[in-house]
Amino acid sequence: MPLTSQLLFNKEDPNLIRWGLYKVVRALEFINQDCGMVHANVCPESIFVTKAGEWKLAGFELLDSFNESQPKFMIYTGAIRNYAPRMSPEFRGQQWSRLKGLDRGVTDGWQLGVLIHSIYNEGDVTRQSGQFNSQGAVPGELWLLCKRLLSPSPEDRLAPATFMQVASRQGGYFDNPFVHSNSFLENMAVKSDEEKQQFLTQLERDIDKYPETFAKFRILPELLKVMEFAGGDSKVFSVVIKIGNMMDRDEYEQTIMPSIISLFKSDNRRLRFDLLTNLSTFIHQLPRRQVSRDIFPNFVKGFFDMEPAIRDATVKASIHISPQLEDKELYELVKGLVRLQTDRESSIRTNVLICLSKLVERQDMRITKSMYQDVLAPALLNSTRDPYPPARNASLVALLKCAPHLDAKLVARRVLPSLIPAMIDTEKNVRVSASKVVSMFVKQLEAHATKMPDTTTLARKPGTAGIGQPKEMGDSRGQAKSGALGADGWGDWA
């Protein structure tokens with residue numbers, strides 16, 4: 001989009017104007033010094049603004065060199081609409097000899113001064129050269145340089161390269177945190193690790209102060225490149241997530257989500273660790289189907305990683321990814337956690353049990369009864385015999401939370417018999433926990449027993465043969481036998 005259409009918008013944020021001018025001056029410096037040419041058409045119409053708010057110099061119709069016998073800017077200026085107001089005095093008077101021996105950039109310097117004055121004064125580019133003497137809304141530190149750009153004498157006029165040097169000095173117009181941050185970001189690949197850490201710390205703290213469009217469309221792509229090609233960093237990822245929070249759902253799914261899915265496929269352990277430790281900050285913004293299909297298959301690989309830190313981070317992240325999984329993947333997640341109960345790292349075994357405990361107590365979990373009965377209960381009972389005391393204690397806590405979902409027969413036949421030894425554990429906190437769990441399960445069985453029938457055995461009617469008895473015994477001896485039965489159908493001897 002042309003700068004003329006964005007001037008009012010950009011005036012709302014002075015940093016975008018400052019950075020935009022920085023980019024334009026850098027482009028002119030390159031054209032003048034490195035290419036040995038003159039742009040000769042610097043104006044708002046020659047500048048376009050990206051979606052991020054960055055300025056891009058265009059309008060190269062008159063670009064040429066003084067080394068040519070008849071440069072285009074000496075002949076075709078009449079073909080450019082509204083060109084006269086930005087013509088320098090020597091251009092207007094065709095005094096080309098005055099430019100001999102001078103920095104070739106002084107011609108573009110005049111037009112840069114006109115551009116600056118126009119931008120800060122409501123985009124008015126139709127004034128005559130004599131009317132650029134008033135400061136208007138141009139900032140004070142910039143106006144001093146702007147006057148030197150608009151010097152009628154080319155000998156006293158600043159070229160863009162000199163303007164850049166002076167404006168970048170301490171206290172100058174380009175000595176600004178926003179300019180420094182963006183300049184660093186452009187050259188981040190060649191910076192030292194220490195410099196990167198300092199920059200990212202600052203960026204993490206100040207990202208909320210940046211223009212939203214600039215953060216989303218300029219800073220974010222650069223940070224995603226760093227994540228993908230430089231191995232990632234927790235601070236980088238933190239800034240990425242903060243920028244993601246500025247986006248609506250559609251923007252997030254189009255910009256952030258493809259990158260996150262791609263990053264989960266990486267074999268870089270440092271990157272995967274950052275993804276896992278920051279999972280809680282972004283996973284809720286991803287569609288459940290996308291998480292189950294594209295992220296979970298790579299997520300579960302962390303359960304089998306050779307690096308303990310990755311396995312541990314995967315266990316902890318399971319709490320956050322579980323609500324976003326389909327039923328099939330949720331079952332696989334629980335099975336993956338259960339497998340880690342035999343991990344050689346005692347801390348990981350303990351964290352698995354804590355994770356399972358947290359999953360059970362969540363109201364939004366879709367753990368089926370069969371999963372409680374066939375997967376969780378046996379696994380937790382095995383962990384009550386773990387050699388690591390905190391793991392034993394964590395298993396008892398998890399069993400306590402599973403209690404409402406366990407069948408009474410399972411509790412009576414398998415759970416309680418397995419828990420009794422824990423009541424004489426060598427660790428007091430384990431004994432205390434075991435006592436609470438056993439007591440709770442006993443009360444649960446007692447409550448269940450009150451709802452059971454008194455008996456499931458049917459009493460025989462007098463004179464009927466008992467099962468397996470000869471028919472004739474149903475007469476005299478059978479009746480005599482029935483007389484020996486109590487009211488409840490059991491023998492008096494019992």
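The values are calculated or read from the model by the stated rules, or taken from the named source; none is laboratory data. Nothing here was measured: the structure is a model prediction, and the numbers come from that model. No Cβ is skipped: glycine too gets one built from the backbone with ideal geometry, and neighbour counts run over all protein chains shown. Quick note on the areas: whole protein, heavy atoms, side chains included, nothing else; ligands and nucleic acids left out. Shrake-Rupley method; radii C 1.70, N 1.55, O 1.52, S 1.80 Å.
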Only one of P85, P71, P89 is more than 25 Å from K23 (Cα to Cα), more than 47 Å from the chain's Cα centre (by Cα) and touching a residue at least 40 places away in the same chain (Cβ under 8 Å); which? P89
Could you check, for the range 254-274, whether at least one of its residues is aliphatic (A, V, I, L, M) and either more than 15 Å from the chain's Cα centre (by Cα) or under 20 Å from L359 (Cβ atoms) (or both)? no
Condition first: in contact with a helix residue (DSSP H, G or I) (Cβ under 8 Å, 6 or more places away or on another chain), among the basic types (K, R), surrounded by 15 or more Cβ atoms within 10 Å (Cβ to Cβ) and assigned to a helix (DSSP H, G or I). Can you find one or more residues in the range 432-453 that meet it? no
Could you please let me know if R157 is closer than 23 Å to I119 by Cα, among the charged types (D, E, K, R) and buried (at least 18 other Cβ atoms within 10 Å of the Cβ)? yes
Go through L330, L340, L356, L286 for me and flag whichever is buried (at least 17 other Cβ atoms within 10 Å of the Cβ) and under 30 Å from Y210 (Cβ atoms). L286
Residue pairs, Cβ under 9 Å, 6 or more apart or interchain, first in the range 275-298 and touching a residue at least 60 places away in the same chain (Cβ under 8 Å), second not basic (K, R). List them. none
Kindly provide the set of residues from the range 160-175 that are surrounded by 19 or more Cβ atoms within 10 Å (Cβ to Cβ) and either small (G, A, S) or not in a helix (DSSP H, G or I) (or both), ordered by number. A161, A167, Y173, F174
Residue match in the range 395-416 (condition: over 20 Å from M440 (Cβ atoms), in a loop (DSSP other than H, G, I, E, B) and at pLDDT below 95): no
Which of the residues that make up the range 240-283 are assigned to a loop (DSSP other than H, G, I, E, B) and open to solvent by 10 Å² or more (accessible area, probe 1.4 Å)? N245, M246, M247, D248, K265, S266, D267, N268, N278
